[in-house]
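Enquirer: If you scroll down you'll find the structure; I have some questions about it.
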Amino acid sequence: MMRVLLATTALAVAAVSISPALAADLRRPAPVTKAPPPVVAVFNWTGCYLGGHAGGAWGDKSWTFVPSGLDAGSHDVDGWFGGGQVGCDFQFGNWVIGAEGSYSWANINGSHAGNAIDPPNFVSHSEIDSIGTAAGRLGFASNNWLFYGKGGGAWVRDRFFVTRDGGPSLCCDERRTRSGWLVGGGVEYAFAPNWSAKVEYNFIDLGNKTAFAGTVPTDISQEIHTVKFGLNFRFGGFGGPVRTGY
C-alpha cells in the first residue's frame, strides 16, 4: 500500500512540473516564413530588329553656275517619305551600341523661277524620290526607354531639271544618286516584349556637287532635315528578366 501511495505522489509531482512548460509551448506562436521579394524584370535591348517608318522632310538647295560663280537661285524643298529599317543592338550596363540601315521612298521637291542669267520664265526644279542611310547608334537605356544619338552615311536619288514656259527645257534634265553624311538622334520605347516605337530626327548634308556638266554646269548644294516615326519588331534577347531588383 505504501508503494502505491509513493508512486501516485511521484506522478502528481511530475505532472505539476510539466504542465507550465507544456502550456507555454501551446501559447507560443508558430514561426512566420517570410515570402521571397518579387523579381523585377528589366528590359534588355540586345538583339536585332526590323520595322517600318514614315515621316516628313524639308531643306534647301542652292544653285551656282560654274565656272562663273554667278548665283543660279535657290529654293526650299519639302515632302514626305516612308520605308523600312533593319538593325541590331547590344546592351552593356545601361549603354547600348548598334547599327541600322534604312531605305525610304520619297516625294520631296521644290523649285524657283529666274536667276542671275535666265528670265523668270525659266524654272529650276529638284526632286528626291528615295533616301538610303547606314548609321551607328549609341544610346542610354532606362529599362524600356532608349535615348540615342546616331551618325553615318546617306544616299539620295535626285532629279534636277529646268522648264521653260511650263514645258521641258532642252538643256537640263538629270537623275543621279548623291551621297553625304547624317547625324541625328531619337527616343525609342518598348511597349511590349517584342515591340518598340520611336521618333527620330536626322540632319543630312549632301555637299556641293555639279549637275548638267555637259551643257550648263551648275553646282548644287543641298541639306535635308527629316523627322520620322518608326515601329520595330525585335527578336533575340529582348524583353527578358536579365537582372533582378528588389
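Enquirer: Just give me the residues in region 160-189 being under 30 Å from F147 (Cα atoms) and hydrophobic (A, V, I, L, M, F, W, C), in sequence order.
Expert: W181, L182, V183, V187
Enquirer: So, one more: From the residues in region 231-243 that are buried (at least 22 other Cβ atoms within 10 Å of the Cβ) and assigned to a strand (DSSP E or B), which one is modelled with the lowest pLDDT? Show your work before the answer.
Expert: First, the residues of region 231-243 that are buried (at least 22 other Cβ atoms within 10 Å of the Cβ): 232, 234, 238.
Then drop every residue that is not assigned to a strand (DSSP E or B), which leaves 232, 234.
Values: N232: 97, R234: 94.
Looking at the filtered set, the residue picked out is R234.
Enquirer: If you check every pair at least six apart or on different chains, which have Cβ atoms under 6 Å apart with a residue in region 189-209 that is modelled with pLDDT of 95 or more and in a strand (DSSP E or B) first and a residue that is loosely packed, with under 15 Cβ neighbours inside 10 Å and among the small types (G, A, S) second?
Expert: As it stands, the answer is none, since no pair meets every condition given.
Enquirer: When you check F122 against the structure, is it of a type outside the set (A, V, I, L, M), farther than 20 Å from K228 by Cβ, touching an Asp or Glu at 6+ places or on another chain (Cβ under 6 Å) and surrounded by 16 or more Cβ atoms within 10 Å (Cβ to Cβ), yes or no? Even if it seems obvious, please write down each step before you answer.
Expert: Numbers: of a type outside the set (A, V, I, L, M): yes; farther than 20 Å from K228 by Cβ: yes; touching an Asp or Glu at 6+ places or on another chain (Cβ under 6 Å): no; surrounded by 16 or more Cβ atoms within 10 Å (Cβ to Cβ): yes.
Criteria not met by F122.
Enquirer: In addition: Which residue pairs have Cβ atoms closer than 6 Å, lie 6 or more positions apart in sequence or on different chains, and pair a first residue in region 42-71 that is among the charged types (D, E, K, R) and surrounded by fewer than 21 Cβ atoms within 10 Å (Cβ to Cβ) with a second residue that is at pLDDT 90 or above and assigned to a strand (DSSP E or B)?
Expert: Filtered contacts from region 42-71: D60/D76.
Enquirer: Now for a separate question. All but one of (1) modelled with pLDDT under 95; (2) surrounded by fewer than 14 Cβ atoms within 10 Å (Cβ to Cβ); (3) touching a strand residue (DSSP E or B) at 6+ places or on another chain (Cβ under 9 Å) hold for W95; which doesn't?
Expert: (1)
Enquirer: Tell me which of these T215 doesn't satisfy, since it passes every other one: (1) assigned to a strand (DSSP E or B); (2) at pLDDT below 95.
Expert: The failed condition is (1).
Enquirer: Right, here's the next one. Based on what the data block shows, is G79 modelled with pLDDT of 95 or more and within 24 Å of P193 (Cα to Cα)? Spell out how you get there, then give the answer.
Expert: On the way: modelled with pLDDT of 95 or more: yes; within 24 Å of P193 (Cα to Cα): no.
Answer is no for this residue.
Enquirer: With charged (D, E, K, R) and within 23 Å of V156 (Cβ to Cβ) as the only criterion, which of D78, D89, D71 stands out? Steps first, answer last, please.
Expert: Details: D89 fails: within 23 Å of V156 (Cβ to Cβ); D71 fails: within 23 Å of V156 (Cβ to Cβ).
Among D78, D89, D71, only D78 is charged (D, E, K, R) and within 23 Å of V156 (Cβ to Cβ).
Enquirer: Something else: Tell me, which residue of region 188-213 that is surrounded by 14 or more Cβ atoms within 10 Å (Cβ to Cβ) and among the β-branched types (V, I, T) is farthest from the chain's Cα centre (by Cα)?
Expert: I204
Enquirer: Are any residues in region 141-163 surrounded by fewer than 16 Cβ atoms within 10 Å (Cβ to Cβ) and of a type in the set (S, T, Y), and if so, which ones?
Expert: Kept after step one, since they are surrounded by fewer than 16 Cβ atoms within 10 Å (Cβ to Cβ), are these residues of region 141-163: 142-143, 145, 147, 149, 151, 153, 159.
The answer is S142, and nothing else.
Enquirer: Continuing with the same structure: Output the residues belonging to region 116-138 that are closer than 26 Å to S179 by Cβ and touching a Gly at 6+ places or on another chain (Cβ under 7 Å).
Expert: Step one: of region 116-138, the residues closer than 26 Å to S179 by Cβ are 124-138.
Passing the criteria: S124, S126, T133, A134, A135, G136, R137, L138.
The values are calculated or read from the model by the stated rules, or taken from the named source; none is laboratory data. Keep in mind that what you see is a predicted model, and the values were worked out from it rather than measured. Glycine also receives a Cβ, built like all others from the backbone with ideal geometry; neighbour counts cover every protein chain displayed.
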